1. For the condition in a helix (DSSP H, G or I), within 25 Å of B:Gly290 (Cα to Cα) and at pLDDT 80 or above, what is the one hit in B:Val351, B:Val346, B:Val379, B:Val391?
2. In the range B:73-90, which residues are among the aromatic types (Phe, Trp, Tyr) and either touching a residue at least 40 places away in the same chain (Cβ under 8 Å) or within 14 Å of chain A (Cβ to nearest Cβ) (or both)?
3. Only residues that are over 14 Å from B:Leu348 (Cα atoms) and touching a Ser or Thr at 6+ places or on another chain (Cβ under 7 Å): list them for the range B:279-302, please.
4. Tell me whether the range B:238-258 contains one or more residues that are within 22 Å of the chain's Cα centre (by Cα), at pLDDT 85 or above and part of a helix (DSSP H, G or I).
5. Filtering the range B:175-193 down to residues that are modelled with pLDDT under 90 and in a helix (DSSP H, G or I), which residue is nearest to the chain's Cα centre (by Cα)?
6. Quickly run through the range B:271-284 and pick out the residues that are surrounded by 19 or more Cβ atoms within 10 Å (Cβ to Cβ) and over 21 Å from B:Gln396 (Cβ atoms).
7. From the set of residues in the range B:394-422 that are modelled with pLDDT of 80 or more and charged (D, E, K, R), which is farthest from the chain's Cα centre (by Cα)?
8. How many residues are over 26 Å from B:Val426 (Cα atoms) and out of contact with any Ser or Thr (no Cβ under 7 Å at 6 or more places or on another chain) if we restrict to the range B:4-49?
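The values are calculated or read from the model by the stated rules, or taken from the named source; none is laboratory data. Values in this document were obtained by computation on a predicted structure and should not be read as measured data. Because the Cβ atoms are built from the backbone with ideal geometry, glycine has one as well, and the counts that use them run over all protein chains shown.
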Amino acid sequence: MSKIKLLRGEFDSRLKLQLAPGIKAGFPSPAEDYLHDSLDFNRDLIKNPEATFYARISGDSMVEAGICDGDIAVIDRSLQANDGDVIVAYVNEEFTMKYLDTTHLAEGYIELRPANAAYSPIRIDNLDDFRIWGVVVWTIKQWKR
Amino acid sequence: MTKYYAICDCDNCYVSCERVFRPDLERKPVVVLSNNDGCVVARSKEAKLMGVKAGTPYYQLKQLFPDTHIEVFSSNYELYGELTGRVMAIIRDMAPQCFRYSIDEAFAILEGIDGEQLQQWGRDLHDRVWRSVGIPVSIGISTTKTLAKVASHFAKKYPGYDHCCLIDNDEKRIKALGLYDVGEVWGIGRRYAEKLERIGVSTALDFAGHKVEWVRMMFKNIVIERTWNELNGIDCVPDDLPARKKSICTSRSFDGMVGDFDTLRTHIANFAVRSAEKLRKQQSVAQVVGVFIDSNHFREDLMQYGNMADKTLLTPTSSTIDIVMAATDCLRSIYREGIMFKRAGVLLMGVVPQGAVQPDMFSYDANRHGRMTRMDSAVDHLNRVGGTETVILSSQQYPGGKKFADAIRHDHKSPCPTTRWSDIMVLK
């Protein structure tokens, strides 16, 4: 049997040394006064982490909006959905992603508009049974495979 | 300014979590089963109204309710843990101070909030959680934690409260306690509830209305007296109450029955590993390892036998290997051939914080201890990063190389859209 050497097993702590201006050892760095936290998608793009969910796009109903099969959508449930937003709705026991069109709200219906000439809009007449699940805030597309 | 407590808890928590990704199940009867699909542990309001009782064995569900379709889920703690974590984060953000009390409830201390603002605070919390996570929460607010629990009951029961019930004066307190069964009061166990019923105390108001001397004489129990105080508006349950668990139990009912020692030992090894992981997660160590095994009480035609053994360790530990070895020893001492076992478990007792350990003078080996600790934290890391059971002990492996997660039954388990990329929602 071969020997296994365990090197270290303490993985719980994370250090961000870059942001420790209190520690001064050796020659002061000229960049010290300009220290800034790194760009962080989680912090900068996700405004409401408790309300954020991810989903994968299936199909081409939004392809003319640049949203393609396989893309990842970042959904914020807490946002108010407005006319023209790309939203996630639950229709016919399926989650779907479409443009929200409230032009005809006063007439008692709304429309979920695809971005693909081959598809027709979904008309929602019974607003009591219909709920918007969330609002799409970003989509992520992978280029280099 | 009076100090107010709010208990914030998720309504029918597990069912509500399942509904987040299944909006079609709203207003329909839904139940969630215990580990291994044994019995009902959570019910939607509709299932409760139908008469589905908590603890109903899964196989009886169809017989008892043949005419209605009940949606059934295996428990998915990965999902419930993640979603309730979001709820807790919102409570933490909105409350001046708060502490989690269980998977689905937290106490908030509302210092600096008063009068009209209190009820508004609760309603705002409900709205924000509902909008952000999609889980309904109820809020009970009062001057003691026990009264807040009472208020929470009414917040859930009557839609008129709009998810938040406030007991902030004596008139409301007396009215609420008069409508509240003494057995339901937080801190009064079933045993005391039976005793109280026998002596004619049936509502919380009957109990709170007695003199404290009577309570002392009848019960000679500090917890009961504390509860009496709390019902009378005297704040005395400490804030740090959800301290580390004093004992940790991992147990299961088996899918079928288990007779042979090796399979039973494998189950016990898995329970022991799970328990040791829980122990390390809360930075504790245990002094006593216990094992219990039980035959199938529903099978009166078979020989019945149940027993429990425990082993006290010289130095309290959280080491997986030490705990598995102790548990295996315990099992060996109580196992009996020819018995078909239905249920078994591992119980860790004498749980204390890691730092508070007095090592045994003669047997303690600091080198070995260091190696064990490093190994455990490496294994914990690999299992966290690579997924549960990436690394297991050979004694955890079932015949055919099966792992624990595959050996337990979860036929109706939902996906984990918030913790696994492979399970995220699909948008058409």
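1. So the residue among B:Val351, B:Val346, B:Val379, B:Val391 that is in a helix (DSSP H, G or I), within 25 Å of B:Gly290 (Cα to Cα) and at pLDDT 80 or above is B:Val379.
2. B:Phe73, B:Tyr80
3. If the condition is that a residue be over 14 Å from B:Leu348 (Cα atoms) and touching a Ser or Thr at 6+ places or on another chain (Cβ under 7 Å), then B:Leu302 is the only one that fits.
4. Taking every residue of the range B:238-258 in turn, none turns out to be within 22 Å of the chain's Cα centre (by Cα), at pLDDT 85 or above and part of a helix (DSSP H, G or I).
5. So the residue we want is B:Arg190.
6. Scanning the range B:271-284 gives a single hit, B:Ser284.
7. Applying the filter and picking the extreme gives B:Arg420.
8. Total meeting the criteria: 9.
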